[in-house]
Ligand SMILES: [Zn+2]
């Protein structure tokens, strides 16, 4: 049976056709783990849309070339916040609501909460494992990474290691996470990886392709796909705890002129960039790193205030 498309929620719109959340179902040949991919909770984050596009293309082709390859159902939710996507905004446009803060118990009723509940229910009923793709905000560029809440580490770490990301960051829980999709699926005992990559409003194909290969590797590892992934070896992600992450912040307001790129391996004392005063032309600060390690977050938006994050570095083991 080829891929089927299902509408999991339809909301009437005052203008034109209803707004629909769609899901593509690649039916399984047996009962191996069902894996779901979700993207577009934030409407200005486009990197996951590209990854899902590649997955759908690959799986559709597989249905013709290797009809027995899909051993566990694969669900792709390619744009779960269509109103925000249409407007290219992070937030649900009508009430400026962050949909990824409306999941779980204790939410006051609203259309946004109804939508997120429908999505959560659908994912819970059709997934054994889920992946939720995100990009960074306007300011910071992120190397492909997975952030894991400590409570879920045991289940998630073995899966995260298969995804070809550069970094896995294990951090303690905080209230802010409890209304996210990822937290609520994990709490419902559906292991869910939240992947963060790139920057909003952009698509970095190289990073998207890297994660696409990681997703095929993961699907092979879980037995969901029974054919060997086409790509070569996957990366061994660097694993860090919060005390192994160094953040460099701006100590002046100004323009940040970067002299590094994400993914670079830094040595203590390396130049990161400079802060300039565009009005006087003066250099306010030459910024160097006080530790060695992997540069995984970098400020792309040059305008800074005192305290603005500039880079994050996963420190080398020898310096921890
Ligand atoms: Zn996001």
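The values are calculated or read from the model by the stated rules, or taken from the named source; none is laboratory data. Being a predicted model, the structure only gives us computed values, none of them experimental. Cβ coordinates were reconstructed from backbone atoms using ideal geometry, including for glycine residues, and neighbour counts include every protein chain displayed.
Observations, loosely collected:
- Which numbered condition residue 96 fails, given (1) on the phi < 0 side of the Ramachandran plot; (2) within 16 Å of the ligand (Cβ to nearest atom): (1)
- Exactly one residue out of 32, 23 is surrounded by 18 or more Cβ atoms within 10 Å (Cβ to Cβ), at pLDDT 95 or above, part of a loop (DSSP other than H, G, I, E, B) and more than 16 Å from the ligand (Cβ to nearest atom), and it is 32.
- Just one of (1) within 19 Å of residue 226 (Cβ to Cβ); (2) in contact with a helix residue (DSSP H, G or I) (Cβ under 6 Å, 6 or more places away or on another chain) fails for residue 71. It is (2).
- Residue 182 over 21 Å from residue 140 (Cα atoms), outside any strand (DSSP E or B) and within 16 Å of the ligand (Cβ to nearest atom): yes
- Counted residues, region 103-136 - those being buried (at least 17 other Cβ atoms within 10 Å of the Cβ) and not in a helix (DSSP H, G or I): 12
- Note on region 72-102: residues that are over 20 Å from residue 133 (Cβ atoms) and buried (at least 20 other Cβ atoms within 10 Å of the Cβ) amount to 0.
- Just one residue in the set 208, 254, 273 is surrounded by 15 or more Cβ atoms within 10 Å (Cβ to Cβ), under 20 Å from the mean Cα position of the chain (by Cα) and modelled with pLDDT of 95 or more; that residue is 208.
- Residues that are in a loop (DSSP other than H, G, I, E, B), within 15 Å of the ligand (Cβ to nearest atom) and within 21 Å of residue 125 (Cα to Cα) are absent from region 207-228.
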